[in-house]
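Working notes for the structure below.
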Ligand code: DX5
Ligand code: ZN
C-alpha cells in the first residue's frame, strides 16, 4: 500500500510554525499530526486545541489529531472546525466507553482512529472494527519525541495487519508513531503500516532540510 506521511507538529520550531507549515506544503505531506496531551494520561503537555484552530486557518493539509488525554469525549467540542478528511484518534485506555466515544467522533463527520499503547493487545479492537478508519500503533510509549523504538512493535504491526485483513477490514489504515526513522519506516511498511508519523528521527532530522527529508521518506514508503 502507498504510504502516507504525517509530520508531527510537536517537532516544528514553535517560533516559526507558519514557515514550517509552508515547507510541509511544498513537500506535499499527506497529514499534519498534532499531539494533544493533558499531563495526566501522559506525563507531558504539548500542543493545544487553540493551536489546531490556528493551523486550520493557514493550511488545507488535513490534520491527524492524536488525543493523549483522559476522557477525550469532554473535549470533542473544541474540534468542531474539522472536516471529513481529518482524523481524530483517541487511546483505548483513555475512556471507559470507547465504543461511545468512537461513535461521537464519527458523528462529528471526521475519520475515526483508535490508538494502542505498546502494552495494549491488538485484540481489544475486535468489537470496534466497524467503527474505525485507522488504528494507531504506538511504537514508543506516548508522550515524548526522541525515544527509541520498542522492537517488538514491528511484529505487532504485522499481526494487526493480518487481523484486519482476515476479518474483512483491509480498508482500515495502520498508523505508526514513535521513532519512525527512515530505517524503521521501511520495516514498518513491509509489516503493513500505511500512515507514518514523522518526527525528530525523519522529517525533522537535522541532517537535511524538511523538504529533502520528505522526499527521502516518500521513496521508502512507496
Ligand atoms: C507522540 C509524538 C512523537 C514524536 C515522534 O505521539 O507524535 O512520537 O513526535 O517523533 P520521534 O519519535 O521521531 O521523535
Ligand atoms: Zn502522536
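What is the residue count in region 185-205 for residues that are assigned to a helix (DSSP H, G or I) and within 16 Å of the chain's Cα centre (by Cα)? Can you show your working first?
Let us first name the residues in region 185-205 that are assigned to a helix (DSSP H, G or I), namely 185-191.
Keeping just the survivors that are within 16 Å of the chain's Cα centre (by Cα) gives 185, 188-189.
The total comes to 3.
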Can you go through 23, 15 and tell me which one is more than 16 Å from ligand 1 (Cβ to nearest atom) and not in a helix (DSSP H, G or I)?
15
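Go over the candidates 150, 157, 174 one by one and state the one that is within 16 Å of ligand 2 (Cβ to nearest atom), in a helix (DSSP H, G or I) and either surrounded by 13 or more Cβ atoms within 10 Å (Cβ to Cβ) or modelled with pLDDT of 95 or more (or both). Explain how you work it out, then say what you get.
Details: 150 fails: in a helix (DSSP H, G or I); 174 fails: in a helix (DSSP H, G or I).
Exactly one of 150, 157, 174 is within 16 Å of ligand 2 (Cβ to nearest atom), in a helix (DSSP H, G or I) and either surrounded by 13 or more Cβ atoms within 10 Å (Cβ to Cβ) or modelled with pLDDT of 95 or more (or both), namely 157.
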Could you please give the count of residues in region 52-105 that are over 21 Å from residue 135 (Cβ atoms) and touching a residue at least 40 places away in the same chain (Cβ under 8 Å)?
3
All but one of (1) more than 15 Å from ligand 2 (Cβ to nearest atom); (2) surrounded by 22 or more Cβ atoms within 10 Å (Cβ to Cβ) hold for residue 98, so report the exception by its number.
(2)
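The values are calculated or read from the model by the stated rules, or taken from the named source; none is laboratory data. Source: prediction; values computed, not measured. Heads up, the Cβs are rebuilt from the backbone with ideal geometry, glycines too, and the neighbour counts pull from every protein chain shown.
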